[in-house]
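Chemist: Below is a structure I'd like to ask you about.
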Amino acid sequence: MTSRGMVARPPLAEAPISGFRVGLLVLVLVTAAWRWWTGWHWSWFADDWFYLEQTQEMGFVEYVFQGYNSHLMPGQFLLTWALTAVAPLDYGWAALVLTFFAVASLLAWAAALREMFGERLRLLFPLAFLSLSPLLLLPSIWWASALQILPLQLCMGLCVLFVSRYLLRGRRRSDMIWLLVSYGAGLFFWQKALLVMIPLALVAWVMSPGQGRTRLVSTVRVLALPTAVSAAYTAVYLATRRVGELAIPRTEFGARTAADWQRFFTASAQDVGVPTLFGGPFQRLSDAWDLYDPAPPMLTAALTGLLLLLVVAALAIRRHSAPALACVLAYTTVNWGLLVTSARFLHQGTEGMGRYSADILPVAALVIALLTTRTVVEPPGGATRRPAPASGAVPRLGGAGLAILAIVVTVAMVGVNVTAWRTARESSPRPWVDAVVADSTRAGGAAVVNTLSPEHVLHPVIFMKYAELRRMLAPLDLPLRFDAPSDLLVMPDGTGRLKVAEVANLAAANVPPTNSRCGFLVDPGQRTEIPLTTDLYPWGWGVRMDYFADEATRATVTTDHEAVELSLDAGLNAVHFQVTDSVTSFEVTVDPDGGPVCVTRVFVGTFSATDASPWG
């Protein structure tokens, strides 16, 4: 201890090659390869499309500082804006950005744990746990989710690093500045970075000198400036959220019953929390929203029993086990408590979604490191409640048991990642997105049916108008003519390829005409009503109208409340168009300076993609 009461940092070994460094290099390479591989085979999904479309509708400042479901995350929107400007709808660049965050987070936490514990080979397990847990599989490649979780994980690691450096290296002002910068960066990406204060308090307590009141005073002093930043940020966030200064749409919060809390916490722990600690979740991913099936009761009982045994052992043996376990418990309680009290709790299956627990991983990794490794400020044997012999059967058995458990969990994580990715890749939006982007780019000014996206890309029931093809392709600024009348309409099929569209699922047709040679004659400047076989309710109806015209002319089709302007070519042709209306009346008018038109047939239904390609 120095004369100022600060912890003197023991020098680290300067060996250029160590087991820790070699293991870390391997872990970095594996993390980078895995995150890049899975990200490359993914694409824009769900909320991503909402973010992308809004880049076309909002100004820069308005877009970056907007709110979304009560979230304030300018960093995420800034990156989305930049990526859309540089490479619109190119998920390859998105995957590269997310891979960078994943690797940077791993390196930040490696530096933080090295600062706290030195270069210890056993630290590779918590680092593997926070970087390669199967719980991160989908949340780390889904853009909207990953840009919340990965920057938070990165900034949390940097905060732990710099608070440790501050306490171990003479309380230098530069380390405090970097701590505040790291914390501010986390808040810039997501307001949930406020929870970083929980693990920060643990580290400040563990790494502070002295005992009892001396340690408490040191901890309070170290956290004074981050606490002030938290208070100021919280005041601004709550004020703007309430009065709408930043246009943050509210997520309604409300009180829940004790039964609600018990149900959510129990299900989340059984299906996600506890299995994750042992290399899971082991249940099947039911869809791309990273929703896991409920865990089998036998598996739950076995894993919960093993966890309780390890917790009891830690409390009995390790000196800092109580504050460490309190830290992860407090973080988890606040994290899940925000969900229980929010409107998202009302959505069935919320407790089984991995992304809502993914930011707990680095806190759990920190606690695992504290419970298994002596910090640099503790003398040999000082990490345990009672002095333990450096050698002997008990220490060897305990170390061997932990090593075996770490290996088993690591193997489980690898296996679950591989099997879970096989399932997840089947629902990847990438094939459909790549196909529709490629064909739309080559389609020029084609007339395209403004259809809705498939559920595995952007669920139309949840996102409604934002699932329209016109909005989804807006960042590309293509000359496509959506829902424009044309003799040839195209639309994406189930694979995303543009195909010739036809009216299918017929709901109505014209009644047989009395004039068998002309059908329904429409003279210039006149209006002819074409009776249909049935009245149709308001909907987006596809219409095919067959006609014959002596010369090119303009006509207007009028339904109950809508008029559609048509350009008719000379000869025997068909024109396709859409009306969004009820259809109890179908009338055709030809311009006074045009020629007569014979309408031979009318079909009304919905548009469907055929097998025919518009390019032959």
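Chemist: Just the residues that are more than 21 Å from the chain's Cα centre (by Cα), within 17 Å of PHE50 (Cα to Cα) and open to solvent by less than 80 Å² (accessible area, probe 1.4 Å), please, taken from the stretch 475-503.
Modeler: Of everything in the stretch 475-503, just one residue is more than 21 Å from the chain's Cα centre (by Cα), within 17 Å of PHE50 (Cα to Cα) and open to solvent by less than 80 Å² (accessible area, probe 1.4 Å), namely LEU476.
Chemist: Among what's in the stretch 516-544 and is polar (S, T, N, Q) and open to solvent by 60 Å² or more (accessible area, probe 1.4 Å), pick the residue that is farthest from PHE586 (Cα to Cα).
Modeler: SER516
Chemist: When you check PHE77 against the structure, is it more than 28 Å from LEU238 (Cα to Cα) and aromatic (Phe, Trp, Tyr), yes or no?
Modeler: no
Chemist: Yes or no: the stretch 301-315 includes at least one residue that is more than 22 Å from ALA128 (Cα to Cα) and open to solvent by less than 20 Å² (accessible area, probe 1.4 Å).
Modeler: Within the stretch 301-315, not a single residue is more than 22 Å from ALA128 (Cα to Cα) and open to solvent by less than 20 Å² (accessible area, probe 1.4 Å).
Chemist: Looking only at the stretch 47-60, decide whether some residue is closer than 22 Å to THR372 by Cα and among the hydroxyl-bearing types (Ser, Thr, Tyr).
Modeler: no
Chemist: Could you tell me whether any residue of the stretch 110-123 is touching a His at 6+ places or on another chain (Cβ under 9 Å) and modelled with pLDDT under 95?
Modeler: No, there is no match, as no residue in the stretch 110-123 is touching a His at 6+ places or on another chain (Cβ under 9 Å) and modelled with pLDDT under 95.
Chemist: Only one of these conditions is not met by THR533: (1) under 30 Å from VAL86 (Cα atoms); (2) in contact with a strand residue (DSSP E or B) (Cβ under 7 Å, 6 or more places away or on another chain). Which number is it?
Modeler: Among (1) under 30 Å from VAL86 (Cα atoms); (2) in contact with a strand residue (DSSP E or B) (Cβ under 7 Å, 6 or more places away or on another chain), the lone unmet condition for THR533 is (1).
Chemist: Let me ask another. Answer with yes or no whether GLY571 is surrounded by 19 or more Cβ atoms within 10 Å (Cβ to Cβ) and among the small types (Gly, Ala, Ser).
Modeler: No; evaluated as a whole, the condition is false for this residue.
Chemist: Of the residues that sit in the stretch 60-88 and are open to solvent by less than 40 Å² (accessible area, probe 1.4 Å) and part of a loop (DSSP other than H, G, I, E, B), which one is nearest to LEU138 (Cα to Cα)?
Modeler: Looking at the filtered set, the residue picked out is MET73.
Chemist: For ARG470, work out the one condition from (1) assigned to a strand (DSSP E or B); (2) under 16 Å from SER453 (Cβ atoms) it doesn't fulfil.
Modeler: (1)
Chemist: How about the stretch 81-106: which of its residues are of a type in the set (Phe, Trp, Tyr) and either over 13 Å from ARG430 (Cα atoms) or in contact with a strand residue (DSSP E or B) (Cβ under 9 Å, 6 or more places away or on another chain) (or both)?
Modeler: Within the stretch 81-106, TRP81, TRP93, PHE100, PHE101 meet the criteria.
Chemist: Count, please, the residues in the stretch 482-496 that happen to be charged (D, E, K, R) and under 25 Å from SER43 (Cα atoms).
Modeler: Looking only at that region, the number is 1.
Chemist: Is at least one residue of the stretch 179-190 touching a Lys or Arg at 6+ places or on another chain (Cβ under 9 Å) and assigned to a helix (DSSP H, G or I)?
Modeler: The answer is yes; a qualifying residue exists.
Chemist: Related question: Restricting the stretch 424-453 to residues that are open to solvent by 50 Å² or more (accessible area, probe 1.4 Å) and under 16 Å from LEU137 (Cβ atoms), which is nearest to the chain's Cα centre (by Cα)?
Modeler: In this case the residue turns out to be ARG425.
Chemist: Let me ask you something else. What is the residue count in the stretch 479-512 for residues that are in contact (Cβ under 8 Å) with a residue 24 or more places away in the chain and more than 18 Å from GLY445 (Cβ to Cβ)?
Modeler: 14
The values are calculated or read from the model by the stated rules, or taken from the named source; none is laboratory data. Since the model is a prediction, treat every value here as computed from it, not as a measurement. Note that each Cβ is placed from the backbone with ideal geometry, even for glycine, and that neighbours are counted across all protein chains shown. To get the accessible areas, we keep the full protein, side chains included, count just its heavy atoms, and leave off ligands, DNA and RNA. Shrake-Rupley method; radii C 1.70, N 1.55, O 1.52, S 1.80 Å.
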